[in-house]
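None of the figures in this text is laboratory data; all of them are computed from the coordinates on show. Please read these numbers as outputs of a predicted model, since none were measured by experiment. Here the Cβ positions follow ideal geometry from the backbone for every residue, glycine too, while neighbour counts run over all protein chains shown.
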Amino acid sequence: MRRETRTPRPDWQTTIREQGLVYAETELPDGELMSYWDESAAYAFDLAEVLRLEEATEELHRMSVAAAEHVVARNRYADFGIPAWAAEAVARSLRERPPSLYGRFDLWYDGSWPPKLLEYNADTPTSLVEAGIIQWYWLEQTRPDLDQWNSLHERLVAAWHRIGRVLHDPTVHVFWSREEDSGEDQMTAGYLAECARQAGLKAELMPIQEIGWDGRRFVDRFDRPVTTCFKLYPWEWMVAEPYGRLALEPGTPTTWIEPAWKLLLSNKALLAVLWELYPGHELLLPAFLDSPRGMSEYVVKPLLGREGGSVRIVTADGAEISNPGIYGEEGWCYQEFRALPEFAGNRVVLGSWIVDGESAGAGIRESASLITDGYARFLPHYIDAPRAS
């Protein structure tokens with residue numbers, strides 16, 4: 001893995017917006033605009049490296065599912081801040097295994113082995129459009145002879161096709177929250193709806209604020225039943241809202257994607273349970289729920305919250321680094337601090353995507369901070385090997 005300076009394409013800003021990256025700029029605290037998409041540099045991987053990272057990603061997913069099974073078997077919902085009334089629904093969801101679509105592991109990786117798991121965004125991961133579409137078109141226009149660690153689109157369409165085979169009604173409602181005003185959630189949901197359509201399903205896209213309850217089932221704004229629903233809306237928010245209990249009732253005829261058991265994988269308590277089950281595993285960092293356990297440097301992460309939420313780093317000299325945000329009261333995970341690798345003065349996190357249980361591609365974000373926050377930039381990548389025919 002190496003970082004290479006590149007010459008941006010002519011009029012690239014117009015190009016990426018036309019391809020769907022409408023959230024291409026980030027407003028900085030001083031009011032200036034920063035480009036979120038950055039093609040002034042790119043990362044290069046070799047093929048053997050990617051194959052090994054794919055194996056690591058799939059191993060982490062298998063371990064995470066085993067951890068979820070452990071939590072259900074030991075009734076450890078309280079460790080995850082999950083209300084007692086939701087426990088049976090989570091257990092039933094894991095037991096019945098309704099359709100699940102995708103997730104993203106955030107990894108510490110500097111080009112040497114092994115990578116380390118930082119967290120698993122398993123319920124509502126974003127940065128999907130830029131990872132699956134925008135950087136692929138960048139490759140087509142700049143390095144068409146080379147390949148990319150990116151089978152996201154094909155795997156998403158195939159996953160929707162498999163999901164469609166077990167549905168009685170081919171209509172899928174895809175919901176996003178209009179409270180997110182950058183356009184990222186809407187474009188992510190729109191892209192997933194398009195993948196569903198390419199798989200032969202009928203996808204209805206609308207804000208989740210327009211979902212209703214008719215006394216027997218969830219309905220959309222046209223009073224049509226919502227039988228299968230992909231929601232870009234976290235389960236931890238849903239269970240805290242009035243309709244959360246209805247969503248988890250066994251008699252409610254709605255299949256949710258992602259399913260309720262993903263509550264266990266999108267929670268930072270997963271990191272501690274993984275360390276309990278696989279102590280010393282090369283892909284993991286030490287993590288605990290009760291305290292730092294004597295770690296001299298560690299990161300304090302709230303159990304619940306979408307990616308980019310508040311975290312606090314405690315260094316060996318007692319100094320603290322935190323990103324803006326309000327801490328909740330739902331509990332914490334203490335994970336060993338591993339400084340993000342630095343390339344040309346930039347701190348890098350590797351996002352490794354998984355679709356339907358299989359490795360599906362990568363997205364790379366850079367930031368000036370040790371914490372990857374809302375001011376990070378997305379950079380494309382390629383594999384330094386000829387494209388497979």
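Under a 5 Å amide H to amide H cut-off, with H placed in plane at 1.01 Å, what residues pair with K231 once short-range neighbours are removed?
The answer is F175, I257, E258.
Would you pull out the residues with amide H under 5 Å of R387's amide H, same chain only if 5 or more places away, H placed 1.01 Å from N?
Those lying under 5 Å, H to H, from R387 are L146, D147.
In segment 149-258, which trypsin sites (Lys or Arg not before Pro) are in a loop and have at most 14 other Cβ atoms within 10 Å, using DSSP for the loop call?
For trypsin sites (Lys or Arg not before Pro) across segment 149-258 that sit outside H, G, I, E and B with at most 14 neighbouring Cβ atoms in 10 Å, the list reads R178, R216, R221.
Put a dot 7 Å past each Cα toward the Cβ at R178 and S369; how far apart are the dots in nm?
3.0 nm
Short version: ³J(HN,Hα) in whole Hz for each residue of segment 215-223, in order, from phi by Karplus 6.51 cos²θ - 1.76 cosθ + 1.60 (θ = phi - 60°), x for Gly and Pro, what are they?
x, 10, 7, 7, 9, 8, 5, 9, 6
Pairs of lysine in the chain with Cα under 19 Å and at least 8 positions apart or on different chains: total?
Lysine pairs, 8 or more places apart or on different chains, close enough: 6.
Looking only at segment 1-17, which residues have a backbone nitrogen under 13 Å from a spot 7 Å from the Cα of Q141 in the C-beta direction?
Within reach of a label on Q141: 7-17.
Per DSSP H run of n ≥ 4, the term is -39500 (n - 2.57); total these for the chain, divide by its residue number, and report the mean residue ellipticity at 222 nm rounded to 500 deg cm²/dmol.
Calculated mean residue ellipticity at 222 nm is -8000 deg cm²/dmol.
As an exercise, identify the GluC sites (Glu not before Pro) in segment 124-174 lying in DSSP coil whose Cβ has no more than 11 other Cβ atoms within 10 Å.
none
How would H173, H153, H168 line up from fewest to most surrounding beta-carbon atoms within 10 angstrom?
Final ranking by Cβ density, sparse to dense: H168, H153, H173.
How much length, in nm to one decimal, is gained on full extension between E69 and L167, taken as 0.36 nm per residue of separation minus their Cα-Cα distance?
32.7 nm
Taking the Cα centroid of segment 241-301 and of segment 80-128, what is the distance between the two, rounded to the nearest whole Å?
7 Å
Once you've got the GNM for the chain with C-alpha springs shorter than 10 Å, pick whichever of L303, L167, L263 has the biggest mean-square fluctuation.
Of L303, L167, L263, the Gaussian network model singles out L167 as fluctuating most.
Is segment 203-254 rounded, prolate or oblate when judged by the Cα gyration tensor, a ≥ b ≥ c being the square roots of its eigenvalues, rounded requiring a/c under 1.5 and prolate requiring a/b larger than b/c?
Because a/c hits 1.5 or more and a/b fails to exceed b/c, segment 203-254 counts as oblate.
For a Förster distance of 35 Å, can you work out the FRET efficiency between the beta-carbons of D290 and S40, rounded to the nearest 0.05?
0.20
Let a ≥ b ≥ c be the square roots of the eigenvalues of the Cα gyration tensor of segment 1-148; is it rounded (a/c under 1.5), or, if not, prolate (a/b larger than b/c) or oblate?
Because a/c hits 1.5 or more and a/b exceeds b/c, segment 1-148 counts as prolate.
Which GluC sites (Glu not before Pro) in segment 176-241 sit in a loop by DSSP (not H, G, I, E or B) and have at most 11 other Cβ atoms within 10 Å of their own Cβ?
E179
Which whole-number percentage describes the relative contact order of the chain, with Cα contacts under 8 Å and a sequence gap of 6 or more?
Across the chain, relative contact order equals 25 percent.
Report the label-to-label distance for D11 and L28 in nanometres (one decimal), using points 7 Å from each Cα along the Cα→Cβ vector.
2.8 nm
Given H placed 1.01 Å from N in the peptide plane, which residues other than close sequence neighbours of V219 have an amide H under 5 Å from its amide H?
G212, W213, D214, V226
What ranking of D30, D11 emerges when the number of other C-beta atoms within 10 Å of each C-beta is taken as an exposure proxy, fewest first?
In increasing order of surrounding Cβ atoms, one gets D30, D11.
Note down the relative contact order for segment 333-389 as a percent, whole number, built from C-alpha pairs under 8 angstrom at least six residues apart.
Dividing the mean separation by the residue count of segment 333-389 yields 23 percent.
Neighbour counts of other C-beta atoms within 10 Å: give me C229, C333 arranged from fewest to most.
C229, C333
Show me, for segment 367-375, the HN-Hα J-couplings you get by feeding each phi into the Karplus relation (A = 6.51, B = -1.76, C = 1.60, θ = phi - 60°), rounded to Hz, glycine and proline as x.
Rounded to whole hertz, the list is 8, 7, 8, 6, 10, 6, 10, x, 9.
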